[in-house]
1. Among the candidates A:ILE57, A:ILE17, which residue alone is within 12 Å of A:MET1 (Cα to Cα), surrounded by 19 or more Cβ atoms within 10 Å (Cβ to Cβ), in contact with a Leu (Cβ under 7 Å, 6 or more places away or on another chain) and in contact (Cβ under 8 Å) with a residue 24 or more places away in the chain?
2. Name every residue in region A:157-168 that is out of contact with any Ser or Thr (no Cβ under 6 Å at 6 or more places or on another chain) and more than 10 Å from every other protein chain (Cβ to nearest Cβ), in order of residue number.
3. Taking the conditions exactly as written (surrounded by fewer than 20 Cβ atoms within 10 Å (Cβ to Cβ), in contact with a Ser or Thr (Cβ under 9 Å, 6 or more places away or on another chain) and without any contact (Cβ under 8 Å) to a residue 40 or more places away in the chain), does B:THR34 satisfy them or not?
4. Take A:ILE23 and decide whether it is part of a strand (DSSP E or B) and assigned by TED's automatic domain parsing to the domain that holds A:ILE83.
5. Within region A:114-133, does at least one residue satisfy the condition of being of a type in the set (Asp, Glu) and either touching a residue at least 60 places away in the same chain (Cβ under 8 Å) or closer than 28 Å to A:PHE295 by Cβ (or both)?
6. Of everything in region B:71-94 that's farther than 12 Å from B:LYS32 by Cβ and among the hydrophobic types (A, V, I, L, M, F, W, C), which residue is surrounded by the fewest Cβ atoms within 10 Å (Cβ to Cβ)?
7. Counting only residues that are within 14 Å of chain B (Cβ to nearest Cβ), give me the helices (runs of 4 or more DSSP H) lying completely in region A:188-281 with at least 3 of them.
8. Report yes if some residue within region A:4-16 is more than 18 Å from A:ASP101 (Cα to Cα) and of a type outside the set (Lys, Arg); otherwise report no.
2 protein chains.
Amino acid sequence: MRVGIDVGGTTVKIGFIDDYKIIHRLVVETNKDTLFDDIFIAIKKYAEDNNIDITGIGFGLPGHVSNTYIDKLPNIGIYDLDIAPIANKYFPNIDIYTTNDANAAALGELLNDKDNVKSAYMITLGTGVGGGLVIDSKVINGFHANCGEIGHIYVDFNHNYQCTCGLKGCLETVASATGIVRLANEYYNQFNTKIDKKNMTAKSILDAAKQNDELGLFILNYISESLGRAIATIELCVDVERIYIGGGVSDAGDILINRIRDYYKKYSHYAIKDLEITKAKLGNDAGMLGAAYLF
Amino acid sequence: MRVGIDVGGTTVKIGFIDDYKIIHRLVVETNKDTLFDDIFIAIKKYAEDNNIDITGIGFGLPGHVSNTYIDKLPNIGIYDLDIAPIANKYFPNIDIYTTNDANAAALGELLNDKDNVKSAYMITLGTGVGGGLVIDSKVINGFHANCGEIGHIYVDFNHNYQCTCGLKGCLETVASATGIVRLANEYYNQFNTKIDKKNMTAKSILDAAKQNDELGLFILNYISESLGRAIATIELCVDVERIYIGGGVSDAGDILINRIRDYYKKYSHYAIKDLEITKAKLGNDAGMLGAAYLF
């Protein structure tokens with residue numbers, strides 16, 4: 001059986017996976033000092049108790065990784081760590097595979113897609129904007145293990161907000177949860193709105209859009225245009241079969257996805273206008289599933 | 001021996017290739033009505049006369065192709081044509097492979113690179129701006145066989161010139177040979193210049209830049225900034241190891257390549273600033289070499 005692991009800032013989700021289905025789940029607390037020992041011990045115990053043969057272990061990790069070597073997992077506080085010797089203590093004959101969490105999620109969504117999709121970009125709209133690329137059903141990590149950092153595509157030449165990465169006008173400065181609140185603050189006094197300014201969140205702003213709130217609609221439109229433009233660019237660079245939109249902001253659902261589609265059609269090259277853009281379906285399970293099929 | 005073919009608007013270049021070297025060349029005139037018969041007859045004759053065993057035939061074609069099926073080669077006037085039955089008349093047991101010319105050139109440059117490069121984007125600055133993507137030493141054609149159409153990345157939000165593709169502000173509207181002349185006309189009266197306005201070409205404008213002509217330098221700077229920004233975006237989407245800049249405009253050489261590098265450094269994400277951007281080296285041979293290694 002395959003094991004796919006999604007390492008998060010507070011918990012680690014471990015999936016035992018067969019034929020693209022999660023057969024069993026384990027959850028381990030994220031403890032910086034004993035993280036990988038904790039994970040391998042949990043897997044080993046469950047596998048032994050249930051007489052399961054493990055064919056490989058894949059990780060989706062929240063940071064910069066290359067093969068079994070972790071450059072950094074900044075949210076957890078792990079730097080410069082090789083997983084291989086730790087794995088070797090518990091599973092001397094099993095191979096370990098890694099990628100970042102966005103790539104693992106992209107592969108998970110693709111494998112879960114009923115349409116036998118072979119190439120896709122997943123865009124995750126959360127606190128930041130991340131992405132993962134799959135071509136020929138394989139994760140593309142990139143030469144610098146940096147493939148998918150599409151949150152830093154230059155798209156907002158109207159405001160040129162400073163991004164945390166050091167650049168300005170990045171997609172993430174407007175289309176992330178943080179960016180949505182930033183935009184709403186910037187335009188708050190220019191529209192009729194019932195949004196509570198003191199407690200604004202991406203959710204409250206997009207919920208207001210669903211109620212035809214003027215400010216909410218303006219923000220919805222603005223981020224959809226930014227995303228439509230960015231996807232038009234992504235698609236020129238890689239020409240994938242499908243785009244999955246995931247992350248907390250995507251919970252806004254059809255009102256957001258449809259508007260992104262409209263702007264994509266407006267700004268995309270004529271040969272690729274039929275690209276399918278859909279909401280990601282697996283939520284938190286995507287990372288586990290994808291990680292299990294890195295090999 | 002492998003055969004790699006670069007189909008151009010006036011001539012077809014056929015290379016017989018062994019161990020990444022072009023051992024022999026044939027040239028056939030591009031005749032719309034008999035194009036593929038002409039090519040296969042020439043190959044067959046040379047192979048028989050010289051007792052050469054052919055292992056496969058690859059094509060780089062100037063248009064939209066998918067497997068052996070040609071959707072369109074607009075500059076030649078060929079539409080909706082399957083090469084397979086024509087090939088079968090002359091080479092019933094040899095497989096035929098195709099991609100577009102930009103992809104073939106990208107693979108050719110990568111294979112010719114002494115540094116054992118595995119992934120690259122080639123950008124061709126000619127009448128338009130084209131591109132080709134190679135990952136893990138394989139050409140990426142894309143779901144719509146449209147991968148590499150990076151000339152239509154939206155980058156010129158200053159002028160928003162109308163592009164032939166129907167969009168506005170495409171990279172191609174400023175960074176192609178045509179775009180360079182367009183820009184020079186737009187800014188001609190704003191700078192001290194010795195460039196002959198009536199006979200301006202991309203070459204005369206970039207040559208003037210080398211002589212420190214004010215207008216020439218302004219244009220050089222403007223297109224380098226546009227290209228630097230576009231490459232920064234491309235690299236976020238795919239994270240390749242190297243960028244090759246080819247096409248007639250790239251003959252401007254170091255003055256152009258160095259300035260593109262400067263702007264790339266300015267606009268690129270911190271994790272990928274060390275990307276190597278180099279001038280393509282093979283010129284017209286890149287397409288033949290790449291086409292021969294599609295299989």
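The values are calculated or read from the model by the stated rules, or taken from the named source; none is laboratory data. Only a predicted model underlies this, so the values are computations on that prediction, with no experimental measurement involved. Cβ sites come from the backbone with ideal geometry, for glycine too, and all protein chains shown count toward neighbours.
1. Working: A:ILE57 fails: in contact with a Leu (Cβ under 7 Å, 6 or more places away or on another chain).
Criteria check complete, one pass: A:ILE17.
2. Selection gives A:HIS159, A:ASN160, A:GLN162, A:THR164.
3. Numbers: surrounded by fewer than 20 Cβ atoms within 10 Å (Cβ to Cβ): yes; in contact with a Ser or Thr (Cβ under 9 Å, 6 or more places away or on another chain): no; without any contact (Cβ under 8 Å) to a residue 40 or more places away in the chain: yes.
Considered against the rule, which asks whether it is surrounded by fewer than 20 Cβ atoms within 10 Å (Cβ to Cβ), in contact with a Ser or Thr (Cβ under 9 Å, 6 or more places away or on another chain) and without any contact (Cβ under 8 Å) to a residue 40 or more places away in the chain, B:THR34 comes out as no.
4. Numbers: part of a strand (DSSP E or B): yes; assigned by TED's automatic domain parsing to the domain that holds A:ILE83: yes.
Yes.
5. Quick first cut of region A:114-133, residues of a type in the set (Asp, Glu) only: A:115.
Those still in the list that are either touching a residue at least 60 places away in the same chain (Cβ under 8 Å) or closer than 28 Å to A:PHE295 by Cβ (or both) too: A:115.
The answer is yes; a qualifying residue exists.
6. Taking the candidates together, the pick is B:ALA84.
7. Because the criterion is at least 3 residues that are within 14 Å of chain B (Cβ to nearest Cβ), the helices (runs of 4 or more DSSP H) in region A:188-281 that meet it are A:214-238, A:254-267.
8. no
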